[in-house]
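The values are calculated or read from the model by the stated rules, or taken from the named source; none is laboratory data. Since the structure is predicted, the reported quantities are computational estimates derived from the model, not experimental observations. Neighbour counts are summed over all protein chains in view; Cβ atoms, including those assigned to glycine, are modelled from backbone coordinates with ideal geometry. Ligands, DNA and RNA are stripped out before the accessible areas are found, and what is left, the full protein with its side chains, is counted by its heavy atoms. Shrake-Rupley method; radii C 1.70, N 1.55, O 1.52, S 1.80 Å.
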Amino acid sequence: MAGSALKRLMAEYKQLTLNPPEGIVAGPSNEENFFEWEALIVGPEGTCFEGGVFPAKITFPPDYPLSPPKMKFTSDMFHPNIYPDGQVCISILHAPGDDPMGYESSAERWSPVQSVEKILLSVVSMLAEPNDESGANVDASKMWRDDRQQFNKMARRLVRKSLGL
Amino acid sequence: MDKPAIEELFDSSRFNGGSSSILLFFYFPLGLVLAILRIFIGVQLFILSCILPKFHAVRSVILRIICCVLGIVVTTDNSENRKKDVRVLVTNHVSPLDHLAVDLVYPSIMPSVWDLPGMLMWMLGYRDMGAKRGRAVLIEKAKEHCEESPIPLLSHPEGATTNGKKGLLKFSTWSFSLDQPVQPIVIVINRPLIGINISTLGSRWWQDVFWFFFSPFTVFHLRVLPAMYKGESEDFEEFTKRVQDTMAPQLHLTTTFYTSADKVEYAKKVLFNPHLKKIDITEMCIVSNSLCNHRHLDRLQSLRHHHHYQHQPIVMLLDRFSVMASQVKEVLPHVPEDVIRKDLEKTSCVDTTISRILEGQVHFVPIDTSPSSGDGEADLLEGATAMPSGTSTPLTPSPSATQFSASHFSRSANERQMSFEERKQALYDTARR
């Protein structure tokens, strides 16, 4: 079982190395363990996260790609769809049937035809357009809805922090 | 003028057919002898070009004569337009020898995209400008070169070859941002007497070169256009478009929005599905509706949208199992097609088949997709979905500004790790700027 997961991860790693999406670098943080990846995501242009570099950890289950991986930002994040501990909450990371927040349609769920690349792209679009119905981070959701200016300010502070400035 | 469809931009077969094919039949033995002779002469030329000082008048004369012997004739037009102080030459791209032809008349160098040994690169007239470390590095190095050296830089902004009969691919902007002004040169390539196409879809550079040697002779006709300056209010994209619009009518071509990436995509489609048929969009929807999973329909539509196929007959697979099999193949390229098909006939669902294969319920012998695999690690590598080996159409550099890709995927874990660290650093460096 782990053999096919490894094979698939290697293929995806190769694809992401040779032809990565814009503003994304991802790969195993240490090749001793292929099930722990590190990803760097550049905040999408034209959004309040523009220019920031956000590191995240992706953990794959032994039966990947049947079960989805987990993704967790290792830098401070303030976003409606990211738990305060950094865990990302988007539909593509949930297998059909397990829906922690009860708001997702079954269309964009995890299945073996999805990939790390698609997850990362979904995360980029999540940064650009938060979904305030989810509320993995209730404070962020509330601020995003009620006080956008304050939210943008928080985001820009995170961007500067992420660059070590 | 009508925008041409993507299939009109490239030749799919080497021979034109028609009346010239009879001529070709009689010419064949002669051509073969000629090709072999010329390969040996070509080696001499190669050595000679290494000995003679580059960018010297005598060298250019001698090389031109030998190239004529090899069947490569270069003629020029409007050469009074060529200004010595213009550092950037841009041309359309019709054959793998374009840079050689231009180099013969107007000595120039080309930034290399391949990982060649330094010596070989120098001999071929390429120079490493760090293209593999991303576009930012390439542009920086190329700019440095333009400032320091009087030798002009040659680039093919199309990024891939076309047949030069219908349209120009979309130009990438990077070569226009290096230095001002830019000298456009249009190349018309002509192979009289026998109808052998210069370059076909998915052909390798050495195959094209062989047919160069095989043919009696091939004429490169270069026409130099006046140098162009970027306007005050123009951005690089508009300037690029203006240069393209100037070059296209000179070639009697239209401009298109297809990019070199579209060519690769198209080549993959055509070359890996030989039983491909053209059908209308309506038919395609029927096919797609019969799929077990509606997500694939969305995918097909987004694919179609991406490739600007909306108003053209779409290239699609006719039979339903082929569509599904190719989807499984995309995810699991190491599984033989017949095994996939057999399982699909049982499950008739893409996702179920993928799961069954991954769970090991289906037995198969993995296909070796990597050309030179030998060690154990190659097994892990072979599943890659990158560019298949059959379509190694050489692409000139047009990396995007924020893409941090590696030039190759190393066999050794250590090297991969290093490249990963480097790319992470590059991303941080770019972001901090």
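Quick rundown of the values:
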{"quantity": "Additional length obtainable on full extension of the chain from B:SER21 to B:HIS252, 0.36 nm per residue less Cα span", "calculated": "80.5 nm"}
{"quantity": "Over chain A - Rg/Rh using Cα atoms and the Kirkwood inverse-distance radius", "calculated": "0.97"}
{"quantity": "Using a Förster distance of 60 Å, the FRET efficiency for A:ASP85-B:ASP245 (Cβ separation, nearest 0.05)", "calculated": "0.65"}
{"quantity": "With Cα atoms, 0 to 90° folded angle of helix A:2-18 axis to chain A main axis", "calculated": "60"}
{"quantity": "For A:PHE73, residues with placed amide H under 5 Å, excluding near neighbours", "calculated": "A:LYS57, A:GLN87, A:VAL88"}
{"quantity": "Karplus-derived 3J(HN,Hα), 6.51/-1.76/1.60, for each residue of region B:242-258, Hz, glycine and proline x", "calculated": "5, 4, 4, 5, 6, 6, 4, x, 4, 9, 6, 10, 10, 8, 10, 9, 6"}
{"quantity": "A:GLU117 accessible area, 1.4 Å probe, all protein chains in place, Å² to nearest 10", "calculated": "50"}
{"quantity": "Separation of alpha-carbon centers, region B:58-90 and region A:127-165, rounded to whole Å", "calculated": "59"}
{"quantity": "Other-chain or far-sequence residues with amide H under 5 Å of B:LEU168's (modelled H)", "calculated": "B:THR254, B:THR255, B:THR256"}
{"quantity": "From phi via Karplus (6.51, -1.76, 1.60), per-residue ³J(HN,Hα) for region B:194-199 in Hz, x at Gly/Pro", "calculated": "10, x, 10, 6, 5, 9"}
{"quantity": "FRET efficiency estimate (nearest 0.05) - Cβ-Cβ, B:ASP85 to A:ARG156, R0 41 angstrom", "calculated": "0.35"}
{"quantity": "Exercise: per-residue mean of other protein chain Cβ atoms within 10 Å, A:23-35", "calculated": "4"}
{"quantity": "Those lysines that a straight Cα-Cα span of less than 21 Å connects to A:LYS72, excepting residues fewer than 8 apart in one chain", "calculated": "A:LYS57, A:LYS118, A:LYS161, B:LYS424"}
{"quantity": "Whole-Hz ³J(HN,Hα) from phi, Karplus 6.51 cos²θ - 1.76 cosθ + 1.60, for region B:422-430, glycine and proline x", "calculated": "4, 5, 4, 5, 4, 5, 4, 4, 5"}
{"quantity": "Accessible-area value, B:ASP85, 1.4 Å probe, nucleic acids and ligands omitted, Å²", "calculated": "110"}
{"quantity": "Sequence-separation-based contact order of region A:21-161, relative, with Cα cut under 8 Å and 6+ spacing, percent", "calculated": "23"}
{"quantity": "Distance in nm between pseudo-label sites at B:GLU238 and B:LEU32 (7 Å out along the Cβ direction from Cα)", "calculated": "5.9"}
{"quantity": "Cβ neighbours within 10 Å from other chains - mean over B:404-414", "calculated": "4"}
{"quantity": "Amide H within-cut-off set for B:LEU154, under 5 Å, with H built and near neighbours excluded", "calculated": "B:LEU89, B:ILE109, B:MET110"}
{"quantity": "Peptide A:63-72, shielding by other chains (average Cβ, 10 Å cutoff)", "calculated": "1"}
{"quantity": "Hits among lysines - C-alpha to C-alpha of B:LYS346 under 24 Å, sequence gap 8 or more where chains match", "calculated": "B:LYS329"}
{"quantity": "Segment B:GLU345-B:ALA426, extension gain: residue separation times 0.36 nm, minus the distance between their alpha carbons", "calculated": "24.4 nm"}
